[in-house]
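These notes are about the structure you will find just below.
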Amino acid sequence: SNIKVPMRAVLSVIAGLAGLYMIISGLMKASKAGLDPKTHNPHVILTNVGFGAILMMIGTNLTTLLGSVFGTEEILELSNISWNTPVPEASQQFNNAINAALTFVQIIGGIAFVRGWLILKKVVEGTTNDPLAKALTHILGGCLAINIGKFLEIMDATFGTNLLTSA
């Protein structure tokens, strides 16, 4: 019933390990650059170390980052959204289904966010044919999906649909 916390932990570990691998790879390339500078481009070395540090930071310092940017860490939590339903008995079951769907969207958003940074690293290095727009779409779309509750509340308030009410 509570898959969000373990999935966030798994995603943090994966991001941290990917970041650690990139940093070690960059440092290994830097150590070999002294022997033959033509084989190891400084651009690739800095890209590996930089994006490795970003991925390690995502996994470990996300709550601190959100707290300093937004003034609260509560943005990580799923919003208490209740939909206006005409039948009160169906309301709780409907809200449980909506919360499960929003949790799934948040998990997919976290995966997309980390994947976007991995794509962006390859774009900067020039080792992929993927466009920069694909990486930015994954990063921005992942951010929206992670914060889907607040995003839906903002869209509801902006367009005045009154489908949601904050609990």
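The values are calculated or read from the model by the stated rules, or taken from the named source; none is laboratory data. From a predicted model like this one, the values you see are computed outputs, not experimental measurements. Note: ideal-geometry Cβ built from the backbone for every residue, glycine included; neighbour counts use all protein chains shown. For the accessible areas, the whole protein counts, side chains as well, though only heavy atoms, and no ligand, DNA or RNA atoms are used. Shrake-Rupley method; radii C 1.70, N 1.55, O 1.52, S 1.80 Å.
Quick rundown of the values:
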quantity: Cβ pairs under 9 Å, 6+ apart, first in the stretch 102-128 and more than 22 Å from Asn61 (Cβ to Cβ), second acidic (Asp, Glu); calculated: Lys122/Asp130; Val123/Asp130
quantity: In the stretch 25-44, residue most open to solvent (accessible area, probe 1.4 Å) [restricted to those that are among the charged types (D, E, K, R) and more than 15 Å from Glu125 (Cβ to Cβ)]; calculated: Lys38
quantity: Residue match in the stretch 118-134 (condition: polar (S, T, N, Q), in contact with a Gly (Cβ under 9 Å, 6 or more places away or on another chain) and not in a helix (DSSP H, G or I)); calculated: no
quantity: Failed item in (1) farther than 30 Å from Leu164 by Cα; (2) among the β-branched types (Val, Ile, Thr); (3) part of a helix (DSSP H, G or I); (4) at pLDDT below 75, with Thr39 passing the rest; calculated: (3)
quantity: Residue in the stretch 124-143 that is farthest from Met22 (Cα to Cα), counting only those that are of a type in the set (Ser, Thr, Tyr) and open to solvent by 70 Å² or more (accessible area, probe 1.4 Å); calculated: Thr137
quantity: Boolean, Met22 is modelled with pLDDT of 75 or more, of a type in the set (A, V, I, L, M) and surrounded by 15 or more Cβ atoms within 10 Å (Cβ to Cβ); calculated: yes
quantity: Some residue of the stretch 95-109 being in a helix (DSSP H, G or I), open to solvent by 50 Å² or more (accessible area, probe 1.4 Å), modelled with pLDDT of 90 or more and closer than 22 Å to Ile3 by Cα; calculated: yes
quantity: Index of the failed condition, Thr47 passing every other in (1) exposed (fewer than 13 other Cβ atoms within 10 Å of the Cβ); (2) touching a residue at least 40 places away in the same chain (Cβ under 8 Å); calculated: (1)
quantity: Residue within the stretch 152-163 that is within 17 Å of the chain's Cα centre (by Cα) and either modelled with pLDDT of 85 or more or assigned to a helix (DSSP H, G or I) (or both) present; calculated: no
